[in-house]
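Written below as structure tokens is the structure these notes are about.
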Amino acid sequence: MKIRIKGNSIRIRLSRTEIADFGAQGYLEERTEFGNTAFGYALKSNPSGNELSADFANGKITVYVPVDMQKKWVETDVVGYEHNMPIGNGQHLFLLIEKDFKCIDNTTEDQSDNYEHPTKEC
């Protein structure tokens, strides 16, 4: 699971295995250790929500995914979901969750578990 944060924008990408795990367990978390503290980010199934939402507590960002979205995302070719979550004072937090495709970035990381890019060959 990868996270990209820029301003009031959070994007999370998941590999095939991570999508399957999230579908089966309803929860997925990553942590980056900084010695005696850590930064975490997670996806959590939300049985009562209609839109993506998020919070930040105890050093961890949690993005909540409505159960209907979770199911459709796991079982279909839907690439992802997005939502502009109101955060007060006329501001929004842009949330995007998406399947991670091969060949998106010029990278040397292992992309064998990523989804095939629909319009590009590596």
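Throughout, read-outs are computed from the coordinates displayed, never taken from laboratory work. This is a predicted model, so every value here is computed, not measured. A quick note on method: Cβ atoms are made from the backbone with ideal geometry, for glycine too, and the neighbour counts reach across all protein chains shown.
Size descriptor for the range 2-99, Kirkwood hydrodynamic radius: 13.8 Å (Cα pairs only, one decimal).
A full extension of the chain between R31 and L96 corresponds to an added length of 21.5 nm, given 0.36 nm per residue minus the alpha carbon distance. By definition, a body whose alpha carbon gyration tensor gives a ≥ b ≥ c is oblate when a/c is 1.5 or more and a/b is not larger than b/c, and the range 14-63 fits this oblate description. For the peptides 21-27, 10-16, the ranking by mean Cβ contacts within 10 Å, running from highest to lowest, is 10-16, 21-27. Distance between the pseudo-spin-label points of K6 and V79 (7 Å out from Cα toward the beta carbon): 1.6 nm.
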